[in-house]
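Please read the structure below before turning to the comments.
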Amino acid sequence: MADPVSKTSAVERVNLTVDGRAVSVPKGWNLIQAARKAGFHVPHYCYHEKLSVGGNCRMCLVEVGLPRMGPDRKPVLKADGTPEIGWLPRPQIGCATQAGEGMSVRLNSQLVKECRRSVLEFLLINHPLDCPICDQAGECKLQEYAFQYGGGESRFVEEKERKPKKVELGPRVTLDDERCILCTRCVRFCREIARDDVLGIFNRGSHSYISCYPGRKLENNYSLNTVDLCPVGALTSTDFRFKMRVWFLKETSSLCASCARGCNITVGSREGVVHRFKPRCNDAVNSHWMCDEGRLNYKWINDERRLKKPLIRASGSAKWDEALAAARDALVRNRGRVAILASGQCSCEELFLLKKLAETYGAVVKLAPAHEGPGDNLLVETDKTPNMNGVRLMGFEAGREVGAKLSDAMAKGEVAALVAVRECAVAAGVDAGALKKMDAILAIDVLPSPTVEMASVVLPGAAHVEKTGTFINFQRRLQRFHPAFAPPGEARTDLWILGQLPGGDSKPLDYEKVFNRMCGETPAFQALPWEPLTEKGVEVEW
Amino acid sequence: MAIITPRPQLTLAERLYLPAIVSGMWLTIRHFFVNLLGLKKKFTLEYPDEKCPPPPGCRGAPTLVRDEDGREKCVACQLCEFVCPPRAIRVTPEALPPGSRHAKIEKRPAAFEINMLRCIYCGFCQEVCPEEAIFLREKTILTGASRRELVHDKQRLLALGGSRPDSVKKWKDK
Ligand code: SF4
Ligand code: SF4
Ligand code: SF4
Ligand code: FES
């Protein structure tokens, strides 16, 4: 029966057989994609689904056959009724061969296996074999394919080609030309995606090497994506270089919190120390990329100065139960005269609990200052907080003037207690002298700030990589992040702290329950599932 | 099925005990005098003044070695840290300073610690090392006044390891 609303019926499809498995793919797909659809992996270096086809590494060679045509232009059928296949005498590169109707592909024939072995042998003749000092070791396609498809032995007795090593292509990328296999992924990325055409191949034959055009540098804000793209260890991140071997890194799905796009990332951490951020593919948000600025904005998480203990300034006590009791006292004492300064760094769940807190203690104002900066037309947004949409959705007033608003309310004497979560009131434009006159300042934060210095109660919170929650990005896509490790010292997740402030049942907090409660009470989130949110997020409407 | 073993029938001499006691005493006294007069090789050692020489292939404490030019062979690849079953090894890598004699090797351990209270002398680290930089050497007896003392740092490991000529010379023409 025809499906009238099926979107796929609009696209022309072709049927082919990959290693005996029949698949139907949209017209225009190449054989690597078709094989993936059939459940097979075709080894490849230069092909990348988001870049133009280079077709130069020859790793993806496969055997291709087409139905043999009779004189009547009809396929010749075998005795069993299946069409007879005429195999092309030469292997074809899968990345530049489009899937065709009736095509047959062999991925594991003797010829294909020998092609792969020989291609690897050629790629390795000038390779320096310095895996022990190469940062890519452990996630290197050259290592992986050499192991899976290679010959295992070198027959090369001649002198190896010497090329430049440890070349600084720009402030963030270091190149080792000896390791490069000249796949040109980096060149194509700069040209096609970053639109900053600075890389090229110089010289000829086995003397070819990658470099920047004379007088240019690889310094655009997307330069580190070339490091991810490089299938070998030729391009390495100067920041991550020699920091940690990749096999020690625990990988956690998270989000970049440096702007409103909320690029999907993988956090690489070991024993509570973040070593790197890497983009995680999400076509609806960031494709395979992220900006360098967001990628390198992790050092504050490892900072020595992170707040690790609660503090009651008056008594100097550093016990959680006492600090929480003092915070509750201050809120009860100033009921009806509370101001809340939230942040676009807070998760939706935290903002939801903050909203509840505001209702419980009769908050006068609920504000969140804007943080703005330059954007671009690829990924970077001008809004530098990951959850400003969440802030607005939860009924907080966001903008540049929140400092003035708060100062006003304070001047009128409407506010006697301030709850500042991940924001500094002084930085938002409130006069420090006026703040000092407040009855109580409760600061939930991760790093010291003027407000934290002044706060009567300091409650150390968690960075986004240390907790779970959701952000709504500028496209109104609700995305979830996961904890890589626990907050440092005695610091707790902000959600736990906020859960303690009104009632104080010190039961371990169930994130899913808070999320479901939030969904129940927020019309935009009606009936959102928690688990499926894990991977790509969902768009919400309001 | 039970198997019943009959008791041996003792002769009169055996039943008297005395001959057996005397012959036992004689054996002991003989050994006493043979050892006292040094008539035969002794099997015991005057430990701790004398120590047992390690047999060939003995796996003692893991150590770091230098090559014949005094270059630290370890390049901080951290494979030993990965393979070590009790997680006794901790390597902190760093880039070699640009002016260094071996700058072309690019990488070295800034710190290298082996916790000898954890090490089980399995030799995996020696086996996995692609640079032939870590060897289990003869030192088998380790004592210390504190736990900290038994965590060998890089200096200690290099001192214990000494040097071993390099057969491969893989960094020579880098
Ligand atoms: S540097 Fe890496 S990405 Fe660029 S051509 Fe060489 S191997 Fe390919
Ligand atoms: S000998 Fe075994 S236990 Fe000891 S450091 Fe080496 S790998 Fe670890
Ligand atoms: S395996 Fe060898 S080269 Fe690598 S860190 Fe250990 S001792 Fe150093
Ligand atoms: S992936 Fe097809 S030639 Fe490189």
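When we screen A:493, A:534, A:470 for residues that are under 17 Å from residue A:394 (Cα atoms) and either modelled with pLDDT under 85 or of a type in the set (S, T, N, Q) (or both), the only hit is A:470. All told, residue B:168 falls short of being free of Cβ contacts under 8 Å to residues at least 60 places away in the same chain, within 14 Å of chain A (Cβ to nearest Cβ), under 20 Å from the mean Cα position of the chain (by Cα) and more than 16 Å from ligand 1 (Cβ to nearest atom). Scanning segment A:250-275 for residues that are surrounded by fewer than 21 Cβ atoms within 10 Å (Cβ to Cβ) and either within 12 Å of another protein chain (Cβ to nearest Cβ) or over 21 Å from residue A:378 (Cα atoms) (or both) turns up A:250, A:251, A:252, A:253, A:270, A:271, A:272, A:273, A:275. Checking the structure you have, find out if any residue of segment A:236-253 is more than 16 Å from ligand 3 (Cβ to nearest atom) and in contact with a Cys (Cβ under 6 Å, 6 or more places away or on another chain). Scanning segment A:236-253 turns up no residue that is more than 16 Å from ligand 3 (Cβ to nearest atom) and in contact with a Cys (Cβ under 6 Å, 6 or more places away or on another chain). Looking only at residues of segment A:362-421 that are assigned to a helix (DSSP H, G or I) and free of Cβ contacts under 8 Å to residues at least 24 places away in the same chain, we find that the one that is surrounded by the most Cβ atoms within 10 Å (Cβ to Cβ) is A:392. State yes or no: is residue A:154 more than 16 Å from ligand 2 (Cβ to nearest atom) and in contact with a Leu (Cβ under 8 Å, 6 or more places away or on another chain)? In short, yes. I'd like the full set of residues that are under 25 Å from residue B:67 (Cα atoms) and in a loop (DSSP other than H, G, I, E, B), limited to segment B:145-166. Listed by number, the residues that qualify are B:153, B:162, B:164, B:165, B:166.
Condition test on residue A:174, is it in contact with a Gly (Cβ under 8 Å, 6 or more places away or on another chain) and more than 16 Å from ligand 3 (Cβ to nearest atom)? Lay out the reasoning, then the answer.
Values: in contact with a Gly (Cβ under 8 Å, 6 or more places away or on another chain): no; more than 16 Å from ligand 3 (Cβ to nearest atom): yes.
When the stated conditions are applied, residue A:174 does not pass them.
Scanning segment A:120-132 for residues that are open to solvent by 20 Å² or more (accessible area, probe 1.4 Å) and within 16 Å of residue A:44 (Cβ to Cβ) gives A:122, A:123. Residue A:332 meets all of the listed conditions (1) surrounded by fewer than 20 Cβ atoms within 10 Å (Cβ to Cβ); (2) among the aliphatic types (A, V, I, L, M); (3) part of a loop (DSSP other than H, G, I, E, B) but one, namely (3).
For beta carbons closer than 7 Å, sequence separation of 6+ or different chains, a first residue in segment A:152-164 that is more than 14 Å from residue A:205 (Cα to Cα) and a second that is assigned to a loop (DSSP other than H, G, I, E, B), the qualifying pairs are A:156/A:125.
May I ask you to verify whether residue A:93 is at pLDDT below 95 and either hydroxyl-bearing (Ser, Thr, Tyr) or surrounded by 13 or more Cβ atoms within 10 Å (Cβ to Cβ) (or both)?
Spelling it out, it is not the case that residue A:93 is at pLDDT below 95 and either hydroxyl-bearing (Ser, Thr, Tyr) or surrounded by 13 or more Cβ atoms within 10 Å (Cβ to Cβ) (or both).
A search for C-beta distances below 7 Å between a residue of segment A:107-120 that is in the same structural domain as residue A:55 (by TED's automatic domain parsing) and closer than 17 Å to residue A:35 by Cβ and any residue that is open to solvent by less than 70 Å² (accessible area, probe 1.4 Å) and in a helix (DSSP H, G or I), counting only pairs 6+ apart in sequence or on different chains, returns A:107/A:35; A:116/A:149.
Of everything in segment B:63-76 that's surrounded by 17 or more Cβ atoms within 10 Å (Cβ to Cβ) and of a type in the set (Asp, Glu), which residue is farthest from ligand 3 (Cβ to nearest atom)? By that ranking, first place goes to B:67. Of the candidates B:96, B:39, the single residue that is away from ligand 3 (no atom under 12 Å from the Cβ), within 11 Å of another protein chain (Cβ to nearest Cβ), more than 17 Å from the chain's Cα centre (by Cα) and not charged (D, E, K, R) is B:96. So in segment A:153-184, with the set limited to residues that are within 10 Å of ligand 1 (Cβ to nearest atom) and assigned to a loop (DSSP other than H, G, I, E, B), which one is most open to solvent (accessible area, probe 1.4 Å)? Result: A:182.
Note on segment B:38-76: residues that are part of a loop (DSSP other than H, G, I, E, B) and more than 16 Å from ligand 2 (Cβ to nearest atom) total 24.
Does residue B:55 meet the test of being within 14 Å of chain A (Cβ to nearest Cβ) and open to solvent by 50 Å² or more (accessible area, probe 1.4 Å)?
No; evaluated as a whole, the condition is false for this residue.
The values are calculated or read from the model by the stated rules, or taken from the named source; none is laboratory data. Just so it is clear, the model here is predicted, and its values are computed rather than measured. Cβ: placed from backbone, ideal geometry, glycine included. Neighbour counts: every protein chain shown. To get the accessible areas, we keep the full protein, side chains included, count just its heavy atoms, and leave off ligands, DNA and RNA. Shrake-Rupley method; radii C 1.70, N 1.55, O 1.52, S 1.80 Å.
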